[in-house]
1. In Å, the Kirkwood hydrodynamic radius of the range 8-50 over pairs of distinct alpha carbons?
2. Picking from LEU93, LEU150, LEU166, which is most flexible by a Gaussian network model of the chain using Cα springs under 10 Å?
3. Once you charge only the Cβ atoms, +1 for Lys and Arg and -1 for Asp and Glu, what is the size of the charge dipole of the range 119-258 about its Cα centre, to the nearest 20 debye?
4. First check a/c for the range 196-275, with a ≥ b ≥ c the square roots of the eigenvalues of its C-alpha gyration tensor; if it is under 1.5, answer rounded, and if not, answer prolate when a/b is larger than b/c or oblate otherwise.
5. Using only DSSP helix segments of four residues or longer, with each worth -39500 (n - 2.57), what per-residue ellipticity at 222 nm results for the chain after dividing by its residue count and rounding to 500?
6. Anything in the chain that counts as a DSSP H helix reaching 15 Å or more along its axis (C-alpha) with Kyte-Doolittle mean of at least 0.5? List them, would you?
7. Spin-label point model (7 Å from Cα, Cβ direction): what's the SER105 to MET1 distance in nm?
8. Where a Cα-Cα gap under 25 Å defines reach, which lysines qualify for LYS196, not counting those fewer than 8 residues away within the same chain?
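Any read-out appearing in this document is the output of simple, stated calculations on the displayed coordinates, not a laboratory observation. Bear in mind the structure is a predicted one, so any value in this text is a computation, not a measurement. So basically every Cβ, Gly included, is an ideal-geometry build from the backbone, and we count neighbours across all protein chains shown.
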Amino acid sequence: MKTFIAGNWKMNQTRTEIKNFFNILSSEKIATLPNAEAWIAPQFIHIDYVKSLITSNSSSGCCACSCSAKEETLSSSIKVGAQNCSSKEKGALTGDVSAKAIADSGCHFVIIGHSERRSIFKEDPILLKEKVQQALSNKLKVIFCIGETLAERERGDAFSVVAAQLRESLQGTESSYFGQEILLAYEPVWAIGTGKTATPAEAQEMHSFIRRNLAEELKISTAKETPILYGGSVTPQNIEELLRQPDINGALVGGASLKGVDFSKLYLAAKVKIG
Ligand code: PGA
């Protein structure tokens, strides 16, 4: 299975900061790893700009010589996505962005069910299910986020909360989508933006539970092939240990994905999976 390093830029970055990010990435000339993909979700308004910088990097040739060979580098191979999409197909929904428009703008994926959407914007499991259906019917890949709060973990409810999140939004979705279109991200809410990461053992325990739950409760025949990313205060310092866990297939990274120098370190950490 591939390893996925996904940057969730949230409501951050200006065009100047994005330009700096790509300047750094392209100056590093990092060759893409055979089995790892880099994904970034900027704010909607920056999707085209990010795509244009990726395209310009991919057409800049391999090196200073005059040969025309193109080398696949990190800065030219990043896949762009959105942080959210509408639950409806189209219509009078001021401010919403349809999955169709996201796909039409060349996006590869959309993040659905992030805990900030669940808690701040009160998105419930049924709405999230509709968003997943919209994304899938527009051929977008989905990073579907799940995770418990600190209070839920302390009450001993972490596993049942995560199982309910999976059941309420994904039950009934065909197995063939899992591993191809649907990726999961386990993001314990208490670890997001707090500097407090789940230990690799805690994360592995939950990831293996999620995989088992997909197979046994949701009857997903492709549970073994479904990438499960970990998210929550992932940094260049702690990512390798997390990726060494057998059921962690990548990372969804917020704060530490904003700087080019850190993003390239996060990406290169995927070597522990393939090396
Ligand atoms: P963080 O955010 O890496 O800043 O903790 C992760 C996320 O919310 O996806």
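1. 11.6 Å
2. Checking each option, the largest mean-square fluctuation is seen for LEU93.
3. My answer is approximately 260 debye.
4. prolate
5. Values: 12 runs with 107 residues, N = 275.
One gets -11000 deg cm²/dmol as the mean residue ellipticity at 222 nm.
6. Counting only whole DSSP H runs, the qualifying helices are 158-170.
7. 3.0 nm
8. The qualifying lysines are LYS10, LYS122, LYS259, LYS265, LYS271, LYS273.
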